[in-house]
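The values are calculated or read from the model by the stated rules, or taken from the named source; none is laboratory data. All values derive from a computational prediction rather than experimental measurement. Cβ atoms come from the backbone with ideal geometry, glycine included; neighbour counts cover every protein chain shown.
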Amino acid sequence: MEGKQIYDLIGKAMADIGPIAKNKRNKEQNYLFRGIDDVYNALNPIMSKYGLFVIPKVLERTREERQTAKGYRLIYTVLKIQYTMYAPDGSYIEGITEGEGMDSADKSTNKAMSAAYKYFMFQLFNIPTEEAVDADAETPPPSEPVPPQRPTKQQPTTPPVVTAEDPKAKLLKTLKQNALFAYGDQSEARLNELMQAQNVTFETMTNTAYKAINATIYADIAAAKKEGAA
């Protein structure tokens, strides 16, 4: 394609956008977050100014039913979406990202699309956020290659026993799912806050901390439903 206007306009739009602040507050837990509306409100006038628009295309979709510890039914959706941004001269760029969403009704796909769009725009325009995880923020402990095991003489054994999923791993998986249902694309940041309040990490999680964090998540879900019904 001869037109290359898209590259110039993305740079100009990037200069105009600037940071998107966390200007919404969760009344129950008193923490700030930035929602999808914040992204729309910040980008719409600038994209209109330069004649930029985006077309989404869902490439893959995974959908499954899950059940919470209390028996609630949830729909969990993962979307792989290709976004194409066009400039007025017809030039364009493409990018692929994924979004996850969980809901007890019919909004899991909506949440997944919102999450994918939001983070695609954050990375495309390099919009400053406080949520992105920097690879340099953590240093794994020193490690060494595992030496190959010497073959041993096979001894008569009983048939292998198929064990269930590790109980702790199962608890952590449930915790992440519950947080995603309660907080959507803010789940990772919110879950980190709750774990910090209990002074634990995923590696040091205890049953007491798990129950306390889960209780807070369910309280937030109940409060949100109560607020939505008001």
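Any idea which of Gln29, Gln5, Gln82, Gln67 is modelled with pLDDT of 95 or more and either polar (S, T, N, Q) or out of contact with any Phe, Trp or Tyr (no Cβ under 8 Å at 6 or more places or on another chain) (or both)?
Details: Gln29 fails: modelled with pLDDT of 95 or more; Gln5 fails: modelled with pLDDT of 95 or more; Gln67 fails: modelled with pLDDT of 95 or more.
Result of the check over Gln29, Gln5, Gln82, Gln67: Gln82.
Can you run down the residue pairs with Cβ atoms below 8 Å, 6 or more apart or on separate chains, where the first is in segment 36-48 and touching a residue at least 24 places away in the same chain (Cβ under 8 Å) and the partner is of a type in the set (Lys, Arg)?
As it stands, the answer is Ile36/Lys118; Val39/Lys118, since those pairs meet every condition given.
Would you confirm whether any residue within segment 109-124 is modelled with pLDDT under 85, under 17 Å from the mean Cα position of the chain (by Cα) and surrounded by 13 or more Cβ atoms within 10 Å (Cβ to Cβ)? Before the answer, list the steps.
The initial filter retains those residues of segment 109-124 that are modelled with pLDDT under 85, namely none.
No, segment 109-124 contains no residue that is modelled with pLDDT under 85, under 17 Å from the mean Cα position of the chain (by Cα) and surrounded by 13 or more Cβ atoms within 10 Å (Cβ to Cβ).
For Ala179, which of the numbered conditions (1) in a loop (DSSP other than H, G, I, E, B); (2) at pLDDT 75 or above fails to hold?
(1)
Kindly indicate the residue of segment 8-26 that is more than 20 Å from the chain's Cα centre (by Cα) and of a type in the set (Val, Ile, Thr) and also modelled with the highest pLDDT among those meeting that condition.
Narrowing segment 8-26 to residues more than 20 Å from the chain's Cα centre (by Cα): 8-18.
Among the residues that remain, those that are also of a type in the set (Val, Ile, Thr) are: 10, 17.
Details: Ile10: 94, Ile17: 89.
Ranking the qualifying residues of segment 8-26, first place goes to Ile10.
Being modelled with pLDDT of 90 or more, surrounded by 13 or more Cβ atoms within 10 Å (Cβ to Cβ) and not assigned by TED's automatic domain parsing to the domain that holds Phe181 is the requirement here; does Asp103 meet it?
Working: modelled with pLDDT of 90 or more: no; surrounded by 13 or more Cβ atoms within 10 Å (Cβ to Cβ): yes; not assigned by TED's automatic domain parsing to the domain that holds Phe181: yes.
In short, no.
In segment 64-100, which residue that is touching a residue at least 40 places away in the same chain (Cβ under 8 Å) and assigned to a loop (DSSP other than H, G, I, E, B) is surrounded by the fewest Cβ atoms within 10 Å (Cβ to Cβ)?
Ranking the candidates gives Lys70 first.
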